[in-house]
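The values are calculated or read from the model by the stated rules, or taken from the named source; none is laboratory data. For clarity, every value in this text was computed on a predicted model and none was experimentally measured. Neighbour counts run over all protein chains shown; Cβ positions are idealised from the backbone, glycine included. Surface accessibility is based on the protein's heavy atoms, side chains included, excluding ligands, DNA and RNA. Shrake-Rupley method; radii C 1.70, N 1.55, O 1.52, S 1.80 Å.
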Amino acid sequence: MEHVVTLIYGDGVGPEVMTAARRCIEATGVRIKWEVVEAGAEVIPKYGTPLPEEVLESIKRNGVALKGPITTPVGSGFRSVNVALRKELDLYACLRPCKWYPGVRSRYIGVDLIVVRENTEDLYAGIEYEPGKPETEEFIRFVRERKKTVIREGSGISLKPISPAASERIVRFAFNYARRNGRKKVTAVHKANIMKFSDGVFLETARRVAAEFPDIAFEDRIVDNMCMQLVQKPELYDVIVAPNLYGDILSDLCAGLVGGLGVAPGANIGDQVAVFEPTHGSAPKYAGKNKVNPTAAVLSGVMLLRYLGELEAARRLEEAVARVIKEGKRVTYDLKPDPEDPTAAGTSEMADAIIEALC
């Protein structure tokens, strides 16, 4: 069977790590027809936008995509392509496995966590009021009159909507994932002790959904305590489900437990469409240097293969990655005991090693 998959190389180091991932996926023998489309900062002069309509059309048509990192300017410029993709395609679940592989430098060993992050609501929903704008001042007056609460003049405002519907589908996604993958426990993360009418909705919904899965243990944790717990005893946790902001922070924290974003794959999944991508950024200062670790991109390819039902190929590719990392000879600088080790491999050379390790 041939699978048609949308491929977005991205910008910065994207083309290098995604080329490595593509080569490794193809080396498994799975037949994939890649439909390459362009997105990112570098295509704005050509299309007038970082997210051309043909990108969305391709992903909708094929139902699955492999995507490289894309640069988003901080504090200015266009809105994040990642956020736009999630919104336009209703990719409500961000799935981030954080697994330690022997040979990766970390303070922890044996960590194997899944972070499930809600993608469409919370403070990342994009409902913001710019400081000094008339509509912002009108909103401030409204709050002052209705809630008897003073918001300082000149404030910028972000709204935090959390609905029962979005909370239910993300918590249900987490429990279904746990059941399908032999996971034992789901932990819901919140701040419902303070934000009773937003995080409170999330927690109440999580408890209701959990009752439908008696075979999966359930607990909840306040987000600040959860951060401390993960640093002290990550082995106590399994699948973590959280609203958008907390999920974003916790997924990076968990990536840090297993060696960093260079070994952290990810996916954004909806009911009809899934986009797989490394969780690290575009790192433009390393672009074209054949230096960046391709592991996160290759492991995102492993997730893609599983999604396509190519379970044996996914197993073989993940084991090949693990074998190369454990051996520690043909790996990038960040996987060496000494990052200045002159024997460190480049991006493409590590991909070569992974392909050779396939069996």
Order LYS285, LYS336, LYS133, most accessible first, counting only protein heavy atoms with a 1.4 angstrom probe. LYS285, LYS133, LYS336
Check which residues have an amide H placed less than 5 Å from ASP90's amide H, if you skip close sequence neighbours. none
Quick calc, the chain, dipole around Cα centre from Cβ unit charges on Lys, Arg (+) and Asp, Glu (-), nearest 20 debye, gives 700
Give the accessible area for LYS184 in Å² (nearest 10); use a 1.4 Å probe, count only protein heavy atoms, and leave out ligands, DNA and RNA. 150
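Taking a threshold of 24 Å on the Cα-Cα distance, which of the pairs LYS46/LYS160; LYS99/LYS233; LYS191/LYS233; LYS184/LYS326 fall above it?
Numbers: LYS46/LYS160 36 Å; LYS99/LYS233 15 Å; LYS191/LYS233 20 Å; LYS184/LYS326 27 Å.
From LYS46/LYS160; LYS99/LYS233; LYS191/LYS233; LYS184/LYS326, over 24 Å: LYS46/LYS160; LYS184/LYS326.
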If amide H atoms are built 1.01 Å from N in the plane of the peptide, which residues on other chains or at least 5 residues away come under 5 Å of the amide H of PHE218? VAL186
Rounded to the nearest 20 debye, what is the charge dipole size of the stretch 221-327 about its Cα centre when +1 sits on each Lys and Arg Cβ and -1 on each Asp and Glu Cβ? 420
Could you order SER163, SER282 by accessible surface area, starting with the largest, using a probe radius of 1.4 Å? SER163, SER282
Counting other Cβ atoms within 10 Å of each Cβ, which GluC sites (Glu not before Pro) in the stretch 179-222 have at most 10 and sit in a DSSP loop? GLU212
The extension gain from LYS185 to ASP112, computed as 0.36 nm times the residue separation minus the Cα-Cα distance, is 25.0 nm
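By accessible area of protein heavy atoms, probe 1.4 Å, what ranking do THR332, THR120 get, highest first?
THR120, THR332
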Can you pull the accessible area of TYR108 for me, 1.4 Å probe, Å² to the nearest 10? 50
So, taking all protein chains as they sit and a 1.4 Å probe, how much accessible area belongs to GLU138, in Å² rounded to tens? 110
In the chain the DSSP beta bridges are antiparallel at a rate, in percent to nearest 5, of 40
About its Cα centre, what dipole magnitude does the stretch 1-102 give when the only charges are +1 on Lys and Arg Cβ and -1 on Asp and Glu Cβ, stated in debye to the nearest 20? 360
Within the chain, which DSSP H helices have Cα atoms that stretch 27 Å or more along the helix axis and a mean Kyte-Doolittle hydropathy of at least 1.0? none
Long-range amide H partners of ILE240 with built H, under 5 Å: ILE114, VAL115, VAL116, THR187
Less than 20 Å apart at the alpha-carbon level, and either on another chain or at least 8 residues along: which aspartates and glutamates does that give for LYS133? GLU145, GLU153
Can you compute the FRET efficiency between GLU212 and TYR286 using 1/(1 + (r/R0)^6), with r the Cβ-Cβ distance and R0 = 45 Å? Round to the nearest 0.05. 0.45
Accessible surface, per residue, of the chain when the full set of protein chains is kept, probe 1.4 Å, Å²: 46
Please flag any cysteine in the chain that has no other cysteine's Cβ under 4.7 angstrom from its own Cβ. CYS24, CYS94, CYS227, CYS359
DSSP loop (so not H, G, I, E, B), at most 14 other Cβ within 10 Å: list which trypsin sites (Lys or Arg not before Pro) in the stretch 77-124 pass both filters. ARG79, ARG105, ARG107
For a Förster distance of 51 Å, can you work out the FRET efficiency between the beta-carbons of GLN229 and TYR47, rounded to the nearest 0.05? 0.65
